[in-house]
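To start, the structure itself, in structure tokens.
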Amino acid sequence: MTRKIWREESSVTIDQYAGLGFWKAASPDIQNQVSLILRDLVQKHGTALVDSFYSAFLVHDEGRSFLDHAVVQTRLSRSMETWLTDLVHLDLHGDLSAFLTQQEKVGSIHGRMKVPAQLVHQGASLLKSHMSQLLHEQMVEGSNQASYAVPAIIILDELIDFALCMMNQAHVIDAQERAQMDEAYRHFSLGQDINLERETQRAALMEWSQEALFNLFTTHIRELPQKITASAFGLWMRHRAAVLFQDSGALRAIERVMDEIDTQILPQIIASDDRSLLLIALKEKVEEVGFLLANLFNAAAMLESGRDPLTRALSRRFLPSVLNREIMLAKSHETPLCVAMIDIDHFKHVNDAFGHGVGDTVLSHVADVLLNAVRANDFVFRYGGEEFLVVFPATELADATAAMERLRTRVEKLPIAIREGAPVRVSLSAGVASFEGHPDYEYLIRNADAMLYQAKNSGRNKVVAQG
């Protein structure tokens, strides 16, 4: 939802803003002529001007990442040209509410996608320079519009700065809220059953260690065992521990030791004829990881809770923090990422037929099935009402779809006991989508929601995956 950060009134006029001082002081003739000149300029050179804006992104590694995805590039170019057209056709004498709302929306999208504000400003600077150059070239000496060249350049500069100012307000607020939510999510993560988590991950580390040592003691095997970074413990380290213990020296130390195990010790063991000393070294490294892991948990504090009180699933307010981070990991590590949207079929009928108390029991039951079935590095959210969302990090689409099919089958087969009357049975519809490179997490959610819509419209009680 777009926040109305700039007004309370139902309509807004330019007189309420300090900007556009030159335009306000200009005569009606200058205002009208400049408006016609700028509209003609955008109509003739719109595509080239858009290219000027995005050239600022292309010279930065960080900026190029936002234009990697074909959908983003196509949509952004089209949206940018529309934005330019709307800007030069803006009626500055009328109500600016719709225009300002649109600038806020753009700023919020930039904030959600974590587009660096400095890149937007660099692009705007290049855009103004290009447009000023074109204005200068077409208003040659002797032209009947030559006298409007300087006013046109000044007013153009004011218009773009005015729009950017509105965008920046939304961008800053969005960034502040995101930072607060990231910190709240970290606090929430620390507030879970930290003792159970510690024992679970210590067991996962020992399980990998025992399996690796058993395989390596088998002298005829010349293949590397599963890397520790690819194990259940390694996935937990990447996707969960990095949130729980961010900026921790012990966490970085564990990552270094794990990398040493995968890239040095394991290959040396496989290549060596005398493995005894290297196996001892491996054992010592695993013990070092265990020691550092214990230090991490010992330093953890029990902080605020952030689960939905009825279902114990994660609160939806943490979804931006989780998905933004998982998208970043998927891009940087070139690993898959999937999201599943889940809906309890005919849930309204359950409430109408049995009452909201039974409805709550059904919600709690379905959530228990989801929470007990997913992996330690997966995330289960209550998305709203009878909808849940599951994030599957480092998971291919086929595997995420198979996991959802197992969950759907389990929910369908398990009766739900209620206090009075026969047990209730429900079914699930689900849509699964995979991350394809688009940096906005809402795009991934919309794809999963579209698949859920297909599942519900084609009979319900089924899983539909992105084709």
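The values are calculated or read from the model by the stated rules, or taken from the named source; none is laboratory data. In this text the structure is predicted, and so the values were computed from the model without any measurement. Ideal geometry is used to build each Cβ from the backbone, glycine not excepted, and the neighbour counts take in all protein chains shown. We work out accessible area using only protein heavy atoms, side chains counted, and drop any ligands, DNA or RNA first. Shrake-Rupley method; radii C 1.70, N 1.55, O 1.52, S 1.80 Å.
Computed as a quarter of the hull surface, the mean projected area of the alpha carbon convex hull for the chain stands at 29.7 nm².
Applying 1/(1 + (r/R0)^6) with r as the Cβ-Cβ distance of residue 16 and residue 85 and R0 = 30 angstrom yields a FRET efficiency of 0.80. Note on residue 202 and residue 291: their simple-model spin labels are 1.6 nm apart, each label 7 Å out from Cα toward Cβ. Projecting the Cα atoms of 156, 320, 451 onto the charge dipole of the chain (Cβ charges, centred on the Cα centre) puts 451 farthest toward the positive pole. Over the chain, accessible surface divided per residue gives 49 Å², non-protein components excluded, 1.4 Å probe.
Of the residues 417, 126, 234, the one whose Cα sits farthest toward the positive end of the charge dipole of the chain, with +1 on the Cβ of Lys and Arg and -1 on the Cβ of Asp and Glu, is 417. Using only side-chain charges placed at the Cβ, +1 for Lys and Arg and -1 for Asp and Glu, the dipole size of segment 265-381 relative to its Cα centre rounds to 220 debye. Scanning the chain for GluC sites (Glu not before Pro) lying in DSSP loops with no more than 11 further Cβ atoms inside 10 Å, the longest uninterrupted stretch between such sites is 10-140.
Carbon-plus-sulfur accessible fraction, segment 25-121 (probe radius 1.4 Å, protein heavy atoms only): 53%. Report, in degrees rounded to the nearest 10, the 0 to 90 angle that the Cα long axis of helix 194-217 makes with the longest principal axis of the chain. The answer is roughly 70 degrees.
For the chain, the dipole from Cβ point charges (+1 on Lys and Arg, -1 on Asp and Glu) about the Cα centre works out to 1040 debye, to the nearest 20. Computed across segment 363-467, the Kirkwood hydrodynamic radius from all distinct Cα-Cα pairs reaches 14.4 Å. To the nearest ten degrees, helix 97-112 and the longest principal axis of the Cα atoms of the chain are 40 degrees apart.
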